[in-house]
Each structure stands twice: as structure tokens, then as C-alpha cells.
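Structure, as C-alpha cells:
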Amino acid sequence: MRHQIISLYKKADMKGFAIGAFNFSTNEILKGIITAAQKLKAPVIIATSEGERNFFGCDESVAMYNVIKKKYPYVILHADHTHSFQEIKKVVDAGYPSVHFDGSKLQYRHNIRETKRAVDYAHANNVFIEGELGSITGGSTTHKEKLKDILTDDLLTNPSQAKEFVELTGVDSLAISIGNAHGIWKDKPKLDFERLKQIKEQTGKFLVLHGGSGISANDFRKSVELGINKININTELRIAFAHALIKGLHTREDYTPYKYLKNVSPTVSKIVEEHIIIFKTNNKI
Ligand code: 13P
């Protein structure tokens with residue numbers, strides 16, 4: 001499976017589009033993502049963080065993925081922000097074809113050592129692996145602070161260190177910190193495109209932009225032009241889900257779930273569709 005995933009990233013890199021990675025923790029969100037991808041003929045990554053897969057179930061995520069793949073094979077299940085070797089082992093053994101080892105909170109040398117350990121296990125099992133250098137701050141929710149007050153320079157990815165990191169670890173792709181952060185903040189994120197350009201030049205790797213919620217369409221386009229190959233979106237889907245659910249409950253006629261949940265997946269789908277178009281992933285299957 002790893003080589004098929006690499007081929008897709010190569011295609012994205014050459015043709016100038018980014019693969020959208022959308023997080024899910026409920027079946028309604030998952031359905032919304034798949035419906036949008038299918039409608040727009042887009043390859044898509046469905047992702048679960050540690051918290052999301054604890055809630056949905058690790059084996060259950062894989063089971064759903066296998067069911068979906070039979071109907072729409074252009075889907076990749078991805079374990080987002082996985083912080084320990086044990087958890088990497090768990091998702092790889094469960095059948096995730098793609099994983100993200102996030103050692104960004106560790107000291108640099110320690111991050112290299114632990115990432116390499118995760119890479120060796122992933123590759124031995126034919127699994128694609130993303131590493132992370134520089135720290136992507138915040139959680140996937142709304143924040144009361146301004147990002148510019150939180151994001152300090154030491155959290156950003158250093159291009160020459162990134163080169164060394166990818167060489168020593170052997171990761172397939174790299175998540176980078178260039179002014180992006182998870183969640184929606186009081187101010188708009190300000191991306192450092194010069195840094196992105198240098199990271200791409202120095203590493204030559206597939207690059208991942210986390211913290212997609214709140215980034216403008218123009219900044220997405222520019223990021224893709226400069227070498228971003230995968231973009232993660234979560235908070236905007238969580239907000240769409242919550243609002244549609246609250247509205248459904250508020251206006252419900254009775255207690256039938258498939259009635260008050262009726263508009264949840266289509267609302268999520270709309271957000272996914274908008275991003276697929278911006279990322280230019282439509283008609284790429
Ligand atoms: P957002 O919550 O900002 O969309 O970021 C999602 C993400 O990067 C998941 O890893």
C-alpha cells in the first residue's frame with residue numbers, strides 16, 4: 001500500500017494539487033467526507049487523531065475504511081498525530097495504511113531517534129509515514145487568543161534542520177510549522193512562504209500543512225504552488241457538525257435520530273467540497 005500512496009503524493013507534487021486530509025470521529029462526519037470526495041472524483045485522506053480513534057474505535061475505523069474502499073477505492077485511512085511507538089504499533093497492526101508520528105514535543109535528537117523507530121516499523125509493514133519537525137501548536141477548536149501572541153519563532157521548522165531530519169529518519173513526508181496552527185484563532189494565520197520554499201528546496205520531500213482551518217484560499221493556493229502536498233482540516237468540520245446537530249435537535253419533530261441528524265452529513269460535505277476545489281483535488285482519481 002505504501003507505494004500506491006507514494007504514487008498519489010508524486011502525482012499531487014507534479015500536477016500541483018494537495019490531497020485533503022479530513023478528520024472524523026463520528027459516522028456522520030465520515031459520511032460527509034466520503035460523499036464530497038465521491039461527488040468531485042477526488043482522492044481523499046480520512047484521519048483520526050488519538051482522541052478521535054479512542055472515541056470511534058481503532059479497529060472500527062479500519063473496518064469502516066475497508067467497507068468504504070470497496071465502494072470508493074480512492075480513500076486512505078491515516079493515523080494523525082500519534083505520539084508514541086506503542087500507538088504507532090497499535091494502528092499499524094490494526095491495518096492503518098498511513099500514519100503520522102509526532103515527536104515534535106521531544107528534544108530534536110530524541111525526535112530523530114523515536115521517529116526512526118516508528119519509520120522502521122511502518123516501512124517493515126508497508127505503511128506510509130509522516131514525521132513532524134517544528135511544533136504545530138493548538139487544538140482543533142476555537143481559541144480565545146491571537147495566534148501571533150502564541151506562535152514564537154522557536155516553534156517554526158528550520159529548513160537546514162529539516163534536511164538533516166528527513167535524511168536521518170527516512171520519513172515519507174514531513175509536517176512543518178510555518179505560521180500554521182490547529183484551530184481557529186482571533187487573528188488570521190500568517191504563513192512564512194519563504195520558509196516553506198526553503199524547506200522544500202532543502203528536503204525535496206512531500207510536505208504537509210496542518211492547521212488548515214482558518215487559512216485563506218489564496219494562502220492554500222500559494223502553499224500548494226510552493227510544495228505542500230497534503231492539507232489537514234478538522235476544526236471547520238467539527239463546527240459544521242456541531243451547528244447542524246444543534247439545529248437538527250432544536251427543530252426536531254420527534255426523537256428519531258435519522259430525522260434530526262438528516263442535515264449533518266450534507267453540512268459537513270459542503271465544507272469538504274469547498275476545500276477539495278481550493279486544493280484542486282477534484283477529478284484526480
Ligand atoms: P485544523 O483543526 O486547524 O483544521 O487542523 C487540523 C489538523 O491539522 C489535524 O492534524
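From the residues in the stretch 38-71 that are of a type outside the set (Val, Ile, Thr) and closer than 18 Å to Val208 by Cβ, which one is surrounded by the fewest Cβ atoms within 10 Å (Cβ to Cβ)?
Glu50
Which members of the stretch 132-145 meet the condition of being within 11 Å of the ligand (Cβ to nearest atom) and of a type outside the set (A, V, I, L, M, F, W, C)?
Passing the criteria: Glu132, Thr137, Gly138, Gly139, Ser140, Thr141, Thr142, His143.
Output yes when any residue across the stretch 268-280 is of a type in the set (Lys, Arg), within 16 Å of the ligand (Cβ to nearest atom) and in contact (Cβ under 8 Å) with a residue 40 or more places away in the chain, and no when none is.
yes
Please work out which residue is nearest to Gly139 (Cα to Cα), limiting yourself to the stretch 234-264 and to residues that are small (Gly, Ala, Ser) and away from the ligand (no atom under 16 Å from the Cβ).
Restricting to residues being small (Gly, Ala, Ser) and away from the ligand (no atom under 16 Å from the Cβ), the top hit is Ala244.
Taking the stretch 146-186 as the search range and keeping residues that are within 14 Å of the ligand (Cβ to nearest atom) and of a type in the set (Val, Ile, Thr), which one is surrounded by the fewest Cβ atoms within 10 Å (Cβ to Cβ)?
Ile150
Condition first: touching a Lys or Arg at 6+ places or on another chain (Cβ under 9 Å), over 21 Å from Leu155 (Cβ atoms) and small (Gly, Ala, Ser). Now tell me which residues in the stretch 95-112 satisfy that.
Listed by number, the list holds a single entry, Ser98.
Any chance you could count how many residues in the stretch 196-215 are part of a loop (DSSP other than H, G, I, E, B), more than 9 Å from the ligand (Cβ to nearest atom) and buried (at least 22 other Cβ atoms within 10 Å of the Cβ)?
Looking only at that region, the number is 1.
Filter the stretch 216-233 for residues that are in contact with a Leu (Cβ under 7 Å, 6 or more places away or on another chain) and among the hydrophobic types (A, V, I, L, M, F, W, C); which is farthest from the ligand (Cβ to nearest atom)?
Among those that are in contact with a Leu (Cβ under 7 Å, 6 or more places away or on another chain) and among the hydrophobic types (A, V, I, L, M, F, W, C), it is Leu226.
For Val264, indicate whether it is more than 27 Å from Arg2 (Cβ to Cβ), in contact with a Gly (Cβ under 8 Å, 6 or more places away or on another chain) and either surrounded by fewer than 20 Cβ atoms within 10 Å (Cβ to Cβ) or at pLDDT 95 or above (or both).
When the stated conditions are applied, Val264 passes them.
Within the stretch 124-163, count every residue that is out of contact with any strand residue (DSSP E or B) (no Cβ under 6 Å at 6 or more places or on another chain), assigned to a helix (DSSP H, G or I) and touching a residue at least 40 places away in the same chain (Cβ under 8 Å).
6
Search the stretch 235-254 for residues that are within 30 Å of Ile215 (Cβ to Cβ) and pair each with any residue that is among the charged types (D, E, K, R) and outside any helix (DSSP H, G or I) when their beta-carbon atoms are under 7 Å apart and the residues are at least 6 apart or on different chains.
If the second residue must be among the charged types (D, E, K, R) and outside any helix (DSSP H, G or I), the pairs left are Gly248/Lys262.
Suppose we filter Leu249, Leu226 for residues that are in contact with a Phe, Trp or Tyr (Cβ under 7 Å, 6 or more places away or on another chain) and more than 25 Å from Tyr9 (Cα to Cα); which single one remains?
On inspection, the qualifying residue turns out to be Leu249.
Filter the stretch 89-139 for residues that are under 24 Å from Gly183 (Cα atoms) and among the small types (Gly, Ala, Ser) and give the result.
Within the stretch 89-139, Ser98, Gly103, Ser104, Gly131, Gly134, Ser135, Gly138, Gly139 meet the criteria.
Taking interchain pairs and intrachain pairs at least six residues apart, which have beta carbon atoms under 6 angstrom, with the first residue in the stretch 98-123 and among the basic types (Lys, Arg) and the second surrounded by fewer than 20 Cβ atoms within 10 Å (Cβ to Cβ)?
Listed pairs, sorted by first residue: Arg117/Phe85.
The values are calculated or read from the model by the stated rules, or taken from the named source; none is laboratory data. Quick caveat, the model's predicted, so the values are computed rather than measured. Note: ideal-geometry Cβ built from the backbone for every residue, glycine included; neighbour counts use all protein chains shown.
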